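Novice: Okay, here's the structure, questions in a sec.
The values are calculated or read from the model by the stated rules, or taken from the named source; none is laboratory data. Just so you know, these numbers come straight off a predicted model, no measurement behind them. In this analysis, Cβ positions are derived from the backbone assuming ideal geometry, glycine residues included, and neighbour counts consider all displayed protein chains. Heavy atoms of the whole protein, side chains included, go into the accessibility calculation; ligands, DNA and RNA do not. Shrake-Rupley method; radii C 1.70, N 1.55, O 1.52, S 1.80 Å.
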Amino acid sequence: MWGGRFAEGPSAIMREINASIPFDKALWREDIRASKAHVAMLGAQGIVSEQDAAAIADGLDTIAAEYERDGVPEDWDLEDIHMTVEARLTELIGPVAGRLHTARSRNDQVATDFRLWVRAANRRAIAAIAALREALLDRADEHAGTIMPGFTHLQTAQPVTLGHHLLAYYEMLSRDAARFAAADERLDECPLGSAALAGTGFPIDRDATARALGFACPTRNSLDAVSDRDFALDYCMAASQCAIHLSRLAEELILWASQPFGFASLPDQLSTGSSIMPQKRNPDAAELVRGHAGRIIGAGTALMVTMKGLPLAYSKDMQDDKPPVFEAANLLDLSLAAMTGMIAETEFHEEAMRAAAEAGYATATDLADWLVREADVPFREAHHITGEAVALADRKGCALDQLPLDELQAIDPRVDERVFAALSVEHSVASRSSYGGTAPDQVRLRVAEAREALPASHAQEEPR
């Protein structure tokens with residue numbers, strides 16, 4: 001490949017550090033697809049003959065069938081997937097294979113292949129997030145009225161419904177889907193035809209290759225086109241944010257499935273046992289989702305650090321752009337699938353959740369609100385009165401609604417028997433009926449709105 005420029009071939013060290021075929025062979029489908037689009041354009045433009053274009057296209061189809069059947073061979077002397085395909089094409093059809101590389105470079109070739117791969121990863125993520133959002137909606141609807149404690153600082157704060165809690169993650173994942181969609185829109189430009197960095201003197205039709213590969217348009221600057229990896233960074237940033245949300249949800253499921261909480265039992269197929277303690281039921285899938293978040297975030301950081309100091313245009317550092325993106329995508333795909341299964345199949349223990357909501361003075365705010373609403377007490381004063389009532393209940397070891405009326409009136413005489421209706425957990429959640437609140441009616445309304453907004457058919461991975 002290096003031709004007459006060098007008297008000697010690469011040393012063993014150079015051969016090993018330079019080869020990317022062990023990982024960029026993952027791009028073989030994209031490479032063949034882009035090559036077929038390129039040669040079709042060369043033939044249509046009369047840059048190569050129709051006969052040569054047809055022979056090259058047939059040869060590429062043969063290679064695709066071989067790779068699909070047998071996998072991609074790794075010859076490190078060929079360095080990468082692009083030269084691996086071209087070498088096999090030469091074996092199949094002879095010197096005419098050399099015409100395929102007319103008016104292109106490996107620089108615009110890899111930029112195009114990688115964009116195609118990342119586009120498919122974006123769309124896989126959008127589809128997988130849609131499946132998880134649907135699972136959350138199903139369970140939120142099922143548990144619109146299931147009472148549980150809401151926490152701040154992991155301390156019991158106010159009663160909420162499980163449906164409301166699950167819908168919080170629906171909202172997070174909706175933003176994640178929007179980030180992947182925005183990343184997909186930004187990468188919708190085709191670098192093919194930018195050549196090494198300056199474009200080409202051949203009369204190519206870049207609009208034709210862009211259309212053939214499903215891009216909206218060609219890239220507008222050849223220097224930027226071959227050196228840009230923003231599309232890969234966009235994917236990694238969206239994946240990192242999504243992984244953070246999945247990790248938070250995984251952490252809650254891990255806590256809820258622990259014996260001190262007892263709020264949930266995770267599905268058998270996503271749990272494991274212990275090699276020594278037969279009673280154990282370990283939430284390993286949830287823990288791995290939580291752990292994968294660190295690796296996904298690390299992948300994005302690795303790519304940012306690789307790109308941060310590179311001048312225009314292409315530098316060999318950019319060969320290292322693909323492994324972190326491939327790793328992040330694989331981990332995110334697994335994490336989304338595992339979390340969808342967990343949400344769909346987890347058994348929630350409603351009585352334990354309700355008991356916990358009743359045990360932590362979670363309706364204290366409702367007492368303060370009642371004093372404001374019914375006794376015209378300024379909120380700060382009502383807050384102080386409620387604090388005294390909580391302290392009394394704590395000393396007596398009872399819930400707020402179990403305190404005798406005369407003892408409440410000793411704290412403040414404006415309290416009357418109507419207050420007890422406001423201190424139940426049912427009343428508490430029902431009263432939070434502001435838009436987006438935890439009231440069961442609000443939860444059901446939000447589920448209905450979300451079902452209408454969620455596309456009926458998921459985005460599909462790009463045909464390969």
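Novice: Is there a residue being aromatic (F, W, Y), in contact (Cβ under 8 Å) with a residue 24 or more places away in the chain and more than 18 Å from T102 (Cα to Cα) anywhere in the range 186-206?
Specialist: No, the conditions are met nowhere in the range 186-206.
Novice: Based on what the data block shows, is H349 open to solvent by 50 Å² or more (accessible area, probe 1.4 Å) and within 30 Å of R414 (Cα to Cα)?
Specialist: It is false that H349 is open to solvent by 50 Å² or more (accessible area, probe 1.4 Å) and within 30 Å of R414 (Cα to Cα).
Novice: Taking the range 424-456 as the search range and keeping residues that are of a type outside the set (S, T, N, Q) and over 32 Å from the mean Cα position of the chain (by Cα), which one is surrounded by the fewest Cβ atoms within 10 Å (Cβ to Cβ)?
Specialist: Looking at residues that are of a type outside the set (S, T, N, Q) and over 32 Å from the mean Cα position of the chain (by Cα), I get E426.
Novice: Going through the range 46-58 one residue at a time, which ones are more than 18 Å from D113 (Cβ to Cβ) and either under 38 Å from the mean Cα position of the chain (by Cα) or surrounded by 15 or more Cβ atoms within 10 Å (Cβ to Cβ) (or both)?
Specialist: I47, V48, D52, A53, A55, D58
Novice: For the range 365-387, name all the residues that are in a helix (DSSP H, G or I) and free of Cβ contacts under 8 Å to residues at least 24 places away in the same chain.
Specialist: A368, V372, R373, F379, R380, E381, A382, H383, H384, T386, G387
Novice: Sort through P203, P191 and tell me the only one that's open to solvent by less than 40 Å² (accessible area, probe 1.4 Å) and out of contact with any Gly (no Cβ under 6 Å at 6 or more places or on another chain).
Specialist: Only one candidate qualifies: P191.
Novice: Here's something else I'd like to know. May I ask you to say which residue of A421, A359 is modelled with pLDDT under 90 and under 43 Å from the mean Cα position of the chain (by Cα)?
Specialist: Among A421, A359, only A359 is modelled with pLDDT under 90 and under 43 Å from the mean Cα position of the chain (by Cα).
Novice: Right, another one. Could you say whether any residue in the range 387-410 is open to solvent by 70 Å² or more (accessible area, probe 1.4 Å) and of a type in the set (G, A, S)?
Specialist: Within the range 387-410, one or more residues are open to solvent by 70 Å² or more (accessible area, probe 1.4 Å) and of a type in the set (G, A, S).
Novice: Which of the residues that make up the range 150-172 are modelled with pLDDT under 95 and either surrounded by fewer than 24 Cβ atoms within 10 Å (Cβ to Cβ) or part of a helix (DSSP H, G or I) (or both)?
Specialist: G150, F151, T152, H153, L154, Q155, T156, A157, Q158
Novice: Is it true that A198 is modelled with pLDDT of 95 or more, part of a loop (DSSP other than H, G, I, E, B), loosely packed, with under 15 Cβ neighbours inside 10 Å and of a type outside the set (D, E, K, R)?
Specialist: yes
Novice: Next question. Just one of (1) in contact with a Gly (Cβ under 8 Å, 6 or more places away or on another chain); (2) part of a helix (DSSP H, G or I); (3) buried (at least 20 other Cβ atoms within 10 Å of the Cβ) trips up A362, so point out which.
Specialist: Every listed condition holds for A362 apart from (2).
Novice: While we're on this one: In the range 257-271, which residues are in a helix (DSSP H, G or I) and either in contact (Cβ under 8 Å) with a residue 12 or more places away in the chain or more than 25 Å from the chain's Cα centre (by Cα) (or both)?
Specialist: Scanning the range 257-271 gives A257, Q269, L270.
Novice: Ok, one more. Is one or more of the residues making up the range 131-140 at pLDDT 95 or above, over 30 Å from G193 (Cβ atoms) and among the basic types (K, R)?
Specialist: Checked against the condition, which is being at pLDDT 95 or above, over 30 Å from G193 (Cβ atoms) and among the basic types (K, R), the range 131-140 yields at least one hit.
Novice: Still on this structure, please answer the following. How many residues are open to solvent by 30 Å² or more (accessible area, probe 1.4 Å) and either free of Cβ contacts under 8 Å to residues at least 60 places away in the same chain or in contact with a Phe, Trp or Tyr (Cβ under 7 Å, 6 or more places away or on another chain) (or both) if we restrict to the range 108-132?
Specialist: Selection size over the range 108-132: 1.
Novice: If I ask for residues that are open to solvent by 10 Å² or more (accessible area, probe 1.4 Å) and over 14 Å from Q442 (Cα atoms), which ones from the range 136-146 would you list?
Specialist: Passing the criteria: D138, R139.
Novice: Which of the residues belonging to the range 294-318 are open to solvent by 20 Å² or more (accessible area, probe 1.4 Å), part of a helix (DSSP H, G or I) and under 20 Å from N18 (Cα atoms)?
Specialist: A302, V305, T306, M307, K316, D317
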